[in-house]
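Student: Here you go, one structure.
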Amino acid sequence: MADQEPLPYRLSDGERDEALTQLRTAFQEGRLTTDEHEERSSAALRAVTDRDLAPLFTDLPVHLRPAALGRAGSAASPVVRREGKADRRPAEEAEKKGPSLAGLAGFAGFLLFVWGIPTFVSGNVVAISVFLGFFSLMVVPGIVSALRGRRRGGGEITKG
């Protein structure tokens, strides 16, 4: 399949400010002359999209490029598209699947160790019921959701 060129996106004021900061750093390191710095800073202030910024940093080291040029969808980092959709990053995949089962198990273990065991040892029925109610409201739904997300994710992998 042919790669599609990603669409440009509009810059925020913060992204322009970051570009100006990176240009100032390049100037301070001696990578730009005073005239070049002034020209590029003016162009960065006028930049509307990420593609307007890209030419200002092509001859500078990668560590001086603003984050706006390293993000998927910018002209500086092409995105391979398959079936009309951009590839998802692992972090985005994890966010979409729901809560982390390992994190919830750790939280449940912490609650059980710090609050549950002393409560059960005390034998106070009210304290035990409060702990079990809190535990069932805070931990159980998250674990069920995490298990469902894993099950759905596994089902999609085996189908495709």
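Quick note: the coordinates plus some simple rules give every number you see, no bench work behind them. In this text, all values refer to a predicted model and were calculated from it rather than measured experimentally. Cβ sites come from the backbone with ideal geometry, for glycine too, and all protein chains shown count toward neighbours.
Student: For each of Leu104, Leu137, count neighbouring Cβ atoms within 10 Å of the residue's Cβ, then give the residues from fewest to most.
Tutor: Ranked by crowding around the Cβ, least crowded first: Leu137, Leu104.
Student: Given H placed on each backbone N at 1.01 Å, which residues far from Thr49 in sequence or on other chains put an amide H within less than 5 Å of it?
Tutor: Close amide H contacts, sequence-distant or interchain: Leu11.
Student: Report the full-extension gain for the segment Val114 to Val126: residue separation times 0.36 nm, less the Cα-Cα distance, to one decimal in nm.
Tutor: Using 0.36 nm per residue and subtracting the Cα-Cα distance, I get 2.6 nm.
Student: Further, regarding this structure: To the nearest 20 debye, what is the magnitude of the charge dipole of the range 1-52 about its Cα centre, counting +1 on the Cβ of each Lys and Arg and -1 on the Cβ of each Asp and Glu?
Tutor: It works out to roughly 80 debye.
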